[in-house]
Each structure stands twice: as C-alpha cells, then as structure tokens.
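K.L.:
Encoded as structure tokens, here's the structure I'll be asking about.
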Amino acid sequence: MTDETSPYPVRADLSAAHARAWHRLARPGTWLDGSTRIRVAAETRHAPGCALCARCKAALSPYAVEGAHDARGELPSNWIEVIHRIVSDPGRLTHAWYQRMLASGIVDTEYVEIISVIAHVTAIDTFARGLGIPVQPLPAPQSGAPSRYRPAEARQNAAWAPNIAWDEHGPNEADYFAGPPANIRRALSLVPDEARSFFDLVAHQYLPGPAMRDFGREYRAITHAQIELLAGRISAINQCVY
C-alpha cells in the first residue's frame with residue numbers, strides 16, 4: 001500500500017509493513033506451503049459472498065443451518081468451514097466447534113496458521129477498503145517446504161489452542177516475548193513466526209506495544225482516545241469479547 005495507489009498519504013513505515021506481510025504471505029510458512037497459504041488467502045476473500053454463511057449469520061444459531069459453503073474448490077471442506085466461519089461470524093464460534101475442527105483432521109498448528117493468514121489478509125484488505133481503493137492482487141506462491149517448527153514451551157493454557165505463557169518461553173522466542181506481558185500477543189504463539197508477523201503489522205497499523213500505554217505522547221494523526229473509541233466500536237460491531 002503506497003501513496004501511488006492511495007488518494008491519501010500513507011506513512012512509509014505502514015507501506016513497508018504491508019509489503020513485508022504480503023511478501024511473507026506467499027512464502028512457505030511453518031506448517032503450510034506457499035501455495036496453500038495463497039489458497040487460504042483467496043478463500044478468505046471469497047467467503048463474504050457465501051450464501052450459507054449469510055443464512056448462518058441471520059439465524060438465531062449458526063449451527064442450526066444446514067448446507068454447503070460456496071467455495072472455490074481448492075481446499076478440503078473442513079478447511080473451508082474454518083475459513084468461512086471465522087470470516088463471516090467469528091463472534092459465535094464455540095470451543096465445541098473448534099474441537100470438531102480438530103477431530104475432522106485439522107492439526108492445531110495448521111489451525112493457528114490458517115487463522116494468521118485470515119487475519120493478515122483481513123487487516124490489509126480492510127485498510128484498502130477504508131481508503132476506497134482496490135485490494136492488492138494476491139502474490140504468486142513461492143516454492144519450498146514449511147519448517148514444521150513447534151515450540152516445546154507451547155502448552156494448553158487458558159485458550160482453545162496451545163500457546164506459550166509469557167514467563168515460559170524458550171530462547172527461540174525470547175525476542176517476541178520481550179517487554180511487558182500482554183495476553184493477546186500469546187494468541188498465535190503456537191506458531192511463533194505467525195505471531196511475529198501479525199504483531200509487526202499491528203505495530204504499524206495500530207500502535208507498538210510501548211506506545212499503547214504512553215499517554216503522554218501521541219504517535220498518530222489521531223489521539224489515543226480517538227483510536228480506542230474506533231477500536232471499541234469496531235470490536236462491538238464484530239462481537240469481539242477481548
């Protein structure tokens with residue numbers, strides 16, 4: 001995202017963060033290869049037009065609606081269920097649903113990486129729509145094999161997916177867990193490179209961690225209070241309980 005594509009000025013650090021995220025999207029991840037990551041990204045963009053998701057969203061309970069998702073046909077049906085539910089109605093997901101997804105054959109590490117791809121694409125696409133410009137074309141996937149690295153310190157804490165507690169990280173994750181504790185930063189830590197990438201994007205699209213609590217200085221064109229008002233309203237609309 002650059003000034004050349006936007007009718008409004010875009011900070012250089014923000015453009016660079018988007019470029020890093022977009023380049024990384026196409027590369028082999030930890031559990032998904034580049035082609036699979038791009039297929040997940042494409043399905044993330046396709047999901048808002050799904051008729052089944054629209055019926056589920058309108059229903060008293062999304063689990064009372066039967067049918068098949070309108071999908072691109074490039075991913076297994078259980079992956080499609082995960083992507084479409086998270087994109088269309090994340091506020092009503094349940095732990096039982098998550099357990100069914102694991103029982104269907106999705107490994108917890110794959111689940112976290114899928115979540116991360118969805119989150120990256122959603123954040124960057126929403127930014128583009130907010131500026132009134134087209135979303136970026138998805139990059140061509142790069143070849144290579146996933147690293148398949150699972151941190152030994154990740155365990156079942158107070159969350160659906162295993163994660164690393166702030167004071168239990170190993171040396172490989174010491175860089176990520178530097179600074180004051182923040183539970184939200186543990187969310188993707190079962191796949192540490194996804195956590196690093198997403199919160200790099202957060203630091204530029206929102207605020208770096210230390211700046212969030214530095215109320216004596218304003219880092220953006222709007223104030224802390226204005227940022228939190230927008231964040232709170234959007235969270236309420238999206239049924240985000242965090």
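The values are calculated or read from the model by the stated rules, or taken from the named source; none is laboratory data. This is a predicted model, so every value here is computed, not measured. Reconstructed Cβ throughout: ideal geometry from the backbone, glycine too, with neighbour counts over all protein chains shown. Note: areas computed on protein heavy atoms with side chains; ligands, DNA, RNA excluded. Shrake-Rupley method; radii C 1.70, N 1.55, O 1.52, S 1.80 Å.
K.L.:
With a 1.4 Å probe and all protein chains left in place, how much of the accessible area of region 87-149 comes from carbon and sulfur atoms, in whole percent? List each step's numbers first, then the result.
P.N.:
Details: 1800 of 2970 Å².
The nonpolar share, carbon plus sulfur, comes to 61 percent.
K.L.:
Let me ask something else. Of Tyr206, Tyr176, Tyr219, which is the most mobile in a GNM of the chain whose springs link Cα atoms less than 10 angstrom apart?
P.N.:
Tyr219
K.L.:
Still on this structure, I have one more. With labels modelled as points extended 7 Å from the Cα through the Cβ direction, what inter-label distance (nm, one decimal) is found for Arg148 paired with Glu228?
P.N.:
Each label point is offset 7 Å from its Cα along the Cβ direction, giving 4.6 nm.
K.L.:
Still on this structure: For region 1-62, just the Cα set please: Rg and Dmax, both in angstrom.
P.N.:
Cα-based Rg and Dmax for region 1-62 come out at 16.7, 45 Å.
K.L.:
Please build a GNM for the chain, connecting alpha carbons under 10 Å apart, and tell me which residue among Ala211, Ala178, Ala47 fluctuates the most.
P.N.:
Ala178
K.L.:
While we're looking at this one, here's another question. What residue among Gly216, Gly232, Gly170 shows peak mean-square fluctuation when the chain is described by a Gaussian network model with Cα springs under 10 Å?
P.N.:
Gly216
K.L.:
Could you tell me what a quarter of the Cα convex hull surface of region 139-242 works out to, in nm² with one decimal place? Show your work: numbers first, answer last.
P.N.:
Values: hull surface 36.1 nm².
Computing the convex hull of the Cα atoms and averaging its projections yields 9.0 nm².
K.L.:
Report Phe215's accessible area, 1.4 Å probe, all protein chains in place, as a number in Å² to the nearest 10.
P.N.:
Taking all protein chains as shown, Phe215 has close to 150 Å².
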